[in-house]
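Presented below is the structure to which this report refers.
The values are calculated or read from the model by the stated rules, or taken from the named source; none is laboratory data. Since this is a predicted model, take the numbers as computed values, not measurements. Positions of Cβ are backbone-derived with ideal geometry, glycine not excepted, and every protein chain shown enters the neighbour counts.
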Amino acid sequence: MFKVVVEGLKAAPHLNAFLEYNKINARGALDIVEEINISMPLKIDDENTITVNVQKVNDLTLSQIGEKVLEIKNKALNTNLDELYFQVAFRQSMEDLRELKVIPVLRRLYVSRVGKDKVHPLSGKAKKEYYRIPESQRLTIEDVQQGTLVVTNIGSVTPNSPVSTPLLEIIPPQVIAVAIGPSIEKPGVVVEDGEKIIKPRLFMPICIAFDHRAFDYSAVAPFIKKLDEIFATPEIIREW
């Protein structure tokens with residue numbers, strides 16, 4: 001489904017973008033990004049889920065995407081999340097200070113060092129041993145930076161559930177998010193020998209949310225049309 005979404009975005013590249021929006025004058029600008037970098041929620045264990053960035057998937061084949069996702073999962077197992085979160089917050093704070101954004105920095109400092117969700121970065125010997133792990137074998141800031149859209153596999157969490165996703169949150173400055181639901185067997189209409197009959201069919205709901213500040217539904221139509229083409233002729237997947 002990652003690859004299906006990528007092919008849809010190639011048909012509608014304007015969806016792979018960031019929106020810079022000014023709430024004061026209700027005006028904005030759309031920055032279309034050439035690379036397709038997908039943010040993917042990744043469940044590491046029963047207590048931790050992290051959103052990773054699968055980068056440059058527009059250049060990858062189907063098998064390469066599978067290998068890339070497996071590589072990220074393996075890197076996550078070698079990663080100290082508190083240390084990673086601290087590094088991400090530190091970099092963002094430095095960027096905010098350069099732009100004189102003091103309040104977000106103070107808020108982030110309180111949450112990470114004082115609040116109930118404070119982060120416990122490594123220190124001393126533990127920190128030295130951790131950074132002996134090559135960056136190729138653990139998650140870095142680049143692996144968790146925001147992608148150009150989110151693709152979340154809700155179906156993996158609730159398999160065989162009849163509940164679909166009616167609403168999906170978009171994370172600014174992204175303008176689109178995709179949720180893949182569980183595959184459910186339901187009655188469906190099929191054509192056999194020119195006759196329409198009812199047979200058990202496998203349905204997989206897909207929720208596509210987009211930011212109306214960036215465009216209207218007609219802008220999403222090429223994306224959906226491409227998905228329809230793929231699902232109508234699924235043998236094309238063999239060429240990927």
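Here are the numbers for the structure shown:
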| quantity | calculated |
| --- | --- |
| Checking S123 against (1) under 21 Å from I50 (Cα atoms); (2) of a type in the set (S, T, Y); (3) more than 26 Å from the chain's Cα centre (by Cα), the condition it does not meet | (1) |
| R113, sole failed condition from (1) more than 30 Å from E35 (Cα to Cα); (2) surrounded by 12 or more Cβ atoms within 10 Å (Cβ to Cβ); (3) out of contact with any Asp or Glu (no Cβ under 6 Å at 6 or more places or on another chain); (4) modelled with pLDDT of 80 or more | (4) |
| Unmet requirement for R132, which otherwise passes all of (1) at pLDDT 85 or above; (2) exposed (fewer than 12 other Cβ atoms within 10 Å of the Cβ); (3) assigned to a helix (DSSP H, G or I) | (3) |
| Candidate set: segment 190-205, residues that are out of contact with any strand residue (DSSP E or B) (no Cβ under 6 Å at 6 or more places or on another chain) and either closer than 30 Å to P13 by Cβ or among the aromatic types (F, W, Y) (or both); chosen: the one surrounded by the most Cβ atoms within 10 Å (Cβ to Cβ) | P205 |
| Unique match (being within 25 Å of I176 (Cα to Cα), out of contact with any Ser or Thr (no Cβ under 8 Å at 6 or more places or on another chain) and basic (K, R)) among K127, K68, K101 | K68 |
| Failed criterion for D211 (all others in (1) of a type in the set (D, E); (2) within 21 Å of the chain's Cα centre (by Cα); (3) more than 19 Å from L15 (Cβ to Cβ) hold) | (3) |
| Residue in segment 180-203 that is among the aliphatic types (A, V, I, L, M), modelled with pLDDT of 90 or more and under 20 Å from the mean Cα position of the chain (by Cα) present | yes |
| Residues within segment 59-102 that are of a type in the set (D, E), at pLDDT 90 or above and either more than 30 Å from E235 (Cβ to Cβ) or in contact with a Leu (Cβ under 9 Å, 6 or more places away or on another chain) (or both), tallied | 2 |
| Options V105, V151, V163; residue that is at pLDDT below 85, aliphatic (A, V, I, L, M) and buried (at least 16 other Cβ atoms within 10 Å of the Cβ) | V105 |
| Residue check, Y21 in a helix (DSSP H, G or I) and farther than 30 Å from F231 by Cβ | no |
| Some residue of segment 93-101 being touching a Pro at 6+ places or on another chain (Cβ under 7 Å), closer than 22 Å to I208 by Cα and not β-branched (V, I, T) | no |
| Exclusive hit being more than 22 Å from K23 (Cα to Cα), without any contact (Cβ under 8 Å) to a residue 24 or more places away in the chain, not in a strand (DSSP E or B) and not polar (S, T, N, Q), set P166, P162 | P162 |
